[in-house]
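Colleague: Once you've had a glance at the structure underneath, I'll fire off some questions.
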Amino acid sequence: MLLDTHKLAKAEINTHPFQWAHFEKIFNDAILKELSNTFPMDNYELRSSSRVDKQYKIYQKILYDTRKNGIISSAILHNIWLELISNLVSNTYIQQLSQLIKQELSQCNIEINCWKYGHGCWLSSHTDKPEKIASQLFYFNETWDKSWGGAFRVLNDNDINNYHSEIFPGLGNSIILVRSDNSWHGVSKQLGPKNTYRRVLQLIFWK
């Protein structure tokens with residue numbers, strides 16, 4: 001398996017201000033470098049919203065969805081990304097995540113997306129849809145200057161600036177979120193150079 005499942009097995013979930021966990025380097029260095037070098041960068045769709053409850057501007061590429069018969073873009077994915085998807089949807093990995101968050105995920109629908117945050121992209125404070133049980137984020141930027149913003153924020157409430165923790169998209173960082181009515185989170189505006197993208201892989205478990 002590409003992921004360090006021993007690190008996951010030893011992890012403990014944070015309970016404040018809601019259930020979440022943060023990992024550093026959940027892959028070894030060689031795998032991280034290859035995943036970063038081959039991160040899918042083409043054929044994204046712009047997603048944006050100006051709703052009162054959630055505003056955002058992000059670019060999305062759907063890789064996998066059990067509701068759409070599995071892998072969607074296999075023809076343009078590097079082999080190591082196909083292997084990563086296979087790992088993430090394996091019974092072994094799903095069981096470990098289930099044990100960590102103390103919720104059964106084996107019967108969930110699974111969605112895997114890549115997201116690019118270009119200059120000016122952001123995600124406002126929000127809680128996820130009630131049908132989302134949990135999600136995991138993986139970051140693939142080899143370098144990231146904190147002055148560029150683009151930090152994931154674990155929030156105390158719906159104020160994007162009232163954050164409990166702030167995690168920048170450094171290579172190998174990973175975050176697990178368990179959805180609840182108070183699981184407020186968001187991403188500060190990406191202010192890096194025009195050709196810089198905050199690169200994220202998202203694993204989602206739906207009811």
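Colleague: Quick one: which residue in VAL178, VAL154, VAL187 is in contact with a Phe, Trp or Tyr (Cβ under 8 Å, 6 or more places away or on another chain) and either closer than 16 Å to TRP206 by Cβ or at pLDDT below 95 (or both)?
Modeller: VAL178
Colleague: Which one of these does ILE110 not meet: (1) assigned to a strand (DSSP E or B); (2) among the hydrophobic types (A, V, I, L, M, F, W, C); (3) in contact with a Pro (Cβ under 6 Å, 6 or more places away or on another chain)?
Modeller: The number of the failed condition is (3).
Colleague: For segment 175-201, name all the residues that are surrounded by 22 or more Cβ atoms within 10 Å (Cβ to Cβ) and among the polar types (S, T, N, Q).
Modeller: GLN190
Colleague: In segment 158-183, how many are small (Gly, Ala, Ser) and either in a strand (DSSP E or B) or closer than 14 Å to ARG199 by Cα (or both)? Please lay out each step first, then the result.
Modeller: Of the residues in segment 158-183, the ones small (Gly, Ala, Ser) are 165, 170, 172, 174, 180, 183.
If we keep only those that are either in a strand (DSSP E or B) or closer than 14 Å to ARG199 by Cα (or both) too, we end up with 165, 170, 172, 174.
Qualifying residue count for the region: 4.
For every residue, the table says whether it meets (1) in contact with a His (Cβ under 6 Å, 6 or more places away or on another chain); (2) not small (Gly, Ala, Ser).
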site	(1), (2)
HIS6	no, yes
ILE13	no, yes
PRO17	yes, yes
ASP29	no, yes
PHE39	no, yes
GLU45	no, yes
SER49	no, no
GLY70	no, no
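Colleague: Now for a separate question. Looking at the structure I just gave you, is CYS108 over 20 Å from HIS185 (Cα atoms), modelled with pLDDT of 95 or more and of a type in the set (A, V, I, L, M, F, W, C)?
Modeller: Yes.
Colleague: While we're here: Within the group TYR139, TYR93, which residue is surrounded by 19 or more Cβ atoms within 10 Å (Cβ to Cβ), aromatic (Phe, Trp, Tyr) and touching a Pro at 6+ places or on another chain (Cβ under 7 Å)? Quick ask: steps written out before the conclusion?
Modeller: On the way: TYR93 fails: touching a Pro at 6+ places or on another chain (Cβ under 7 Å).
Result of the check over TYR139, TYR93: TYR139.
Colleague: If LYS10 satisfies all but one of (1) more than 23 Å from PRO169 (Cβ to Cβ); (2) modelled with pLDDT of 90 or more; (3) of a type outside the set (A, V, I, L, M, F, W, C), what's the number of the condition it fails?
Modeller: Condition not satisfied by LYS10: (2).
Colleague: Every residue in segment 1-35 that is of a type in the set (Ser, Thr, Tyr) and either outside any helix (DSSP H, G or I) or without any contact (Cβ under 8 Å) to a residue 60 or more places away in the chain (or both), please. Give the steps one after another, and end with the answer.
Modeller: Start the filter on segment 1-35 by keeping residues that are of a type in the set (Ser, Thr, Tyr), which leaves 5, 15.
Answer for segment 1-35, where residues must be of a type in the set (Ser, Thr, Tyr) and either outside any helix (DSSP H, G or I) or without any contact (Cβ under 8 Å) to a residue 60 or more places away in the chain (or both): just THR15.
Colleague: Next up: On the basis of being touching a residue at least 24 places away in the same chain (Cβ under 8 Å) and farther than 25 Å from LYS25 by Cβ, does ASP145 make the cut? Even if it seems obvious, please write down each step before you answer.
Modeller: Working: touching a residue at least 24 places away in the same chain (Cβ under 8 Å): yes; farther than 25 Å from LYS25 by Cβ: no.
Criteria not met by ASP145.
Colleague: Answer with yes or no whether THR38 is closer than 26 Å to ASN79 by Cα and at pLDDT 90 or above.
Modeller: Working: closer than 26 Å to ASN79 by Cα: yes; at pLDDT 90 or above: yes.
Judged against the criteria, THR38 is a match.
The values are calculated or read from the model by the stated rules, or taken from the named source; none is laboratory data. These numbers were taken from a predicted model, which means no experiment stands behind them. Cβ coordinates were reconstructed from backbone atoms using ideal geometry, including for glycine residues, and neighbour counts include every protein chain displayed.
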